[in-house]
1. Given a cut-off of 29 Å, name the pairs among B:Lys93/B:Lys576; B:Lys41/B:Lys669; A:Lys178/B:Lys41; B:Lys577/B:Lys606; A:Lys19/A:Lys172; A:Lys14/A:Lys191 whose C-alpha atoms lie farther apart than that in the structure shown.
2. Rank the residues A:Ser82, B:Ser231 as a footprinting-exposure proxy: fewest other Cβ atoms within 10 Å of their Cβ go first.
3. May I ask for the distance between the Cα centers of segment B:491-552 and segment A:105-175, given as a whole number of Å?
4. Amide H of B:Tyr181 versus every other amide H placed in the peptide plane: which residues, excluding those fewer than 5 positions away on the same chain, fall under 5 Å?
5. Could you compute the net charge surrounding B:Pro341? Neighbours are other residues with a C-beta less than 13 Å from the C-beta of B:Pro341; K and R count +1, D and E count -1.
6. Using only the alpha-carbon atoms of chain A, report the extent along each of the three principal axes, biggest first, to the nearest angstrom.
7. Once you have all Cα-Cα distances for the protein assembly as shown, histogram them in 10 Å bins from zero and send the whole-percent values.
8. In deg cm²/dmol and to the nearest 500, what is the mean residue ellipticity at 222 nm of chain B if only DSSP H runs of at least 4 residues count, each as -39500 (n - 2.57), divided by the residue total?
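Since every read-out is calculated from the coordinates, none of them should be taken as a lab result. These numbers were taken from a predicted model, which means no experiment stands behind them. Because the Cβ atoms are built from the backbone with ideal geometry, glycine has one as well, and the counts that use them run over all protein chains shown.
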Amino acid sequence: MADRQLAFFVDTTKCINCKTCEIACKDFNDAGVGRRIRKVRTFEGGEFPMVFAYNISMACNHCEDPLCVKHCPAKAYTKRASDGIVVHDPDRCIGCRYCTWLCPYGAPQYDPKEGRVRKCNLCLDEIEKGRSPVCVAACPMRAIEVGRLVDIAARPGVTIAIRNLPSPALTKPACRYKVRREAMSAEEVRK
Amino acid sequence: MGIELDRRLFLKLSGAAAGSLAVSEVFGPLALEHIFPSEIKGDGTRVLSVLCNNNCGGRCHLTAHIKNGVVVRISADDSPDLAERPQLRPCLKGRAMRNRLYHPDRLRYPMKRVGMRGEGKFQRISWDETVDFIAANLKRVVDHYGPAAVFIHYATGDCGAINGSAAAERLMNLMGGFLGYYNSFSSACLNYTAPFITGYRDTSSYQTLVHSKLIILNGFNPAETIFETNSNYYLSRAREAGAKVVVIDPRLTETAVTFADEWLPLKPTTDSALFIAMAHVMIVEKLIDQAFLDRYCIGFDETHMPAGLPPGQSFMSYVLGLSDGTPKTPEWAAPITGIDPHTIRKLAREYATIKPAQLIQGLGPQRHAYGEESVRAGIVLACMTGNLGVLGGGWGGGEGGRRLGLAVGALPTGINPVKTRIPVFLWTDAIVRGTEMTADDGVKGGPLQSNIKFIFNLAGNTLVNQHADINRTVKILRDERLVECIVVSDHFVTPSAKFADVLLPSDNSLERNDLGFPWSGEKYIIFGNKVVNPPDECKHDYWWLSRVAARLGLGEQFTEGKTEEDWLKQIIADAKKADPDFPTYEELRKTGLYRQPPQEYVAFEKETRDPSKYPFKTPSGKIEIFSKTLYDMNKPGIPGIPQYIPAWEGPEDGLIRKYPLQCIGPHYKRRTHSTYDENPWMEEADPQSIWISPQDAGARGIANGEPVKVFNDRGALVIHARITKRIRPGVVAIPQGAWYTPDQNGVCQRGCVNILTSQRPTPLAHGNAQHTILVEVERA
């Protein structure tokens, strides 16, 4: 599976934090307020006037070692062998919210009205019809892409070791980012 | 509040039987055969082009997916996304349109006021009563005070081809006219000043950015203020092509975060001091393009001045201090601007030597006390560096207003027999002292025959929310002896709508056919299909205005027998006459978009290419760095050359001891001005909050996320604090456009910045200086 694993790539050096991806995802998935299946987070650092900031647009990272799949008591999560997409089955979900505490990236979104969790499935239906995931097609900066993890990870300068983000060792997230140097984690900079 | 609730509501309504075209008709879902399908999917879902048509510089290609009479999804342009023809992708607001369309607070019936004006108490009435009320009051006011007592307010919520303001103008022109206005709340200083300097306002297209080696963005934040659908995309491409980007702004804006190689956190109101000090560096270090100045400009130095002036009036004499004894060195500018002399020198050298370079000024810098001066000084720098009229260069004056667009008409409004116009920012003055206003107030074709007695406020929120000094405005509006009748149409009970005497429910842009255009910069038109029926009794303004016209015996003249759709068809047919490639009405409906290839348009290219054939449209035929016209006005604040004039309520005003923080009101990505403030998806994406530095917050014991009170002598508001290092200490920023929500003490609980802003106009343009405010902040 490893070489067929799909992954998001986001070029944060182009991202203007417009949150169009977030809202397009919301519209497509009919996700109400409180359910941010994709979310753009902003981090800042430095001291005035040498300040920097970076924006991380993130949905589910379809991790290679996903805690949600491993620990869901209802076995609602599966990782597809064909492409590594982590799929959540709402019919199996018992709404225990265990996954929302486990996921270091906060990807599963609990819907109190439905009593169930929702999550990015990489727009499976769109992909199978040969279209891009909605966030990819929506980004006004053309900063989000989807592709095979092996290809994306091989691009120069991409990383997942990013300041303020959980250690990738926890779940081996299948996503990569291009970031400015200031946004890289200390160990990544040392590399 | 999610979309689920709205849809249930809508489906309930959709169950009602469809009526005839009677005034009180109840609508059902639009019958499928009336929907023009551009694509029918297997499950019967129709996909049609629709419009997001409020006052934003972009105009995006959106499509609605309609299933069983309900919009179930918004998607976008799916044409090939090519470098030379990038898709017109919408921003977050366009993507959230369903949440506005199906908002539970939508107005559904016409209503008349029952409480005090402004109290927001209304009672449902029929459309017949509404039309009678408007016709009777309009007639009474026109008969008693004359047509010039009628004011069609600045309103930008509907930028369609048949919008309410245009229709109201058409009606009033049949009734003898109305009090006109000039300027806008966006670009008053830029638009008014440019003719004195370069003859007119123009800007190179974003497609030219890839040719720029250096891009200086002053107060320009396209990441949030969308000037063109693809402005950020082109900026990104320019950066990829190797351009260095410098951002001058009190905030490390979203634009600065992504694009800036350098950030100069300038004190608000001091832009022209920075530019003038840069000019000093270029002069003393001999970095100026003397040939350009000699060929195209007057007033730069003493040898290029109009005749008959005392010596020392040139720009160079001012900069070098020959006229006033103060050389405008970087050391002079440093304490004024907050930018250190070394950085000023470096930027001046870069701008003078890296070519071509484009200085792009947003409109924020000119919405200041002396906003005219930053426009003028920017143009002078562009001339000194020889960048004006050059591919990859730029004119430096300010964004927008490109002389580029499709020649497509709109609803013809006729000719206004009343020739009197006020600068729009002074409309409240025209209520209280209109007949006493003079040319010194910017009145053109005066005097006013009457104070304003009747206001049409159609798809606008400038009646209260977007105008400066809300407490003064609402005091004037509450007094029914002043304005006798206020007609408002909108989608929601906005702060302005609360001041209506009759409040009319408008249709959404997805509930009518309409046309959309970008502000400028690209040649395209978008067709917005009617994909659902408006709920209950919502109507487009043209509909009820044509009935008001009929009551007044002007029905035939007003409509010429045409429905809105007939006008749209005529507009398209006329455009096709001029451009054979233009699609037919039916073709345009289907494709949704007619777009000519984006082009590399260079402003003032012909004037610089062939100045004898195309002189600048100024008295001298040259760029007037010194303007004798302005000089001869002999008024404070209107110098012959661009100068730095310390702003009232600026960093040098003594008032800063009482109110130590400068406050600006930037645009926020989640709203277009005040539109979409009602949209809960937008509030989740980016809540209303004040930007305050850790230093200023710490000194006041303010914690992040905590509510704070912001106040000055004009008013007070409460807002949550966002403590961020991304703003210059001493400056706070309150995103403009939040809906004024006063408590019983008049303290705005939503954080509408205009409770703090001043109605004092700028000296030349009589424009709005709404970013020039001093405030204090404390824990709420």
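1. Numbers: B:Lys93/B:Lys576 32 Å; B:Lys41/B:Lys669 33 Å; A:Lys178/B:Lys41 37 Å; B:Lys577/B:Lys606 27 Å; A:Lys19/A:Lys172 25 Å; A:Lys14/A:Lys191 24 Å.
Cα-Cα > 29 Å for B:Lys93/B:Lys576; B:Lys41/B:Lys669; A:Lys178/B:Lys41; rest within.
2. On the way: A:Ser82 9, B:Ser231 25.
Ranking A:Ser82, B:Ser231 by Cβ neighbours within 10 Å, fewest first, gives A:Ser82, B:Ser231.
3. Taking the Cα centre of segment A:105-175 as reference, the centre of segment B:491-552 is 39 Å away.
4. Amide H neighbours of B:Tyr181, under 5 Å, 5+ apart: B:Ile422.
5. Working: positive: B:Lys328, B:Arg345, B:Lys346, B:Arg349; negative: B:Glu331, B:Asp340.
Net charge in that neighbourhood comes out at +2.
6. 50, 36, 32
7. Bins of 10 Å from zero give 2, 11, 20, 24, 22, 14, 5, 1, 0, 0 percent of pairs.
8. -8000 deg cm²/dmol
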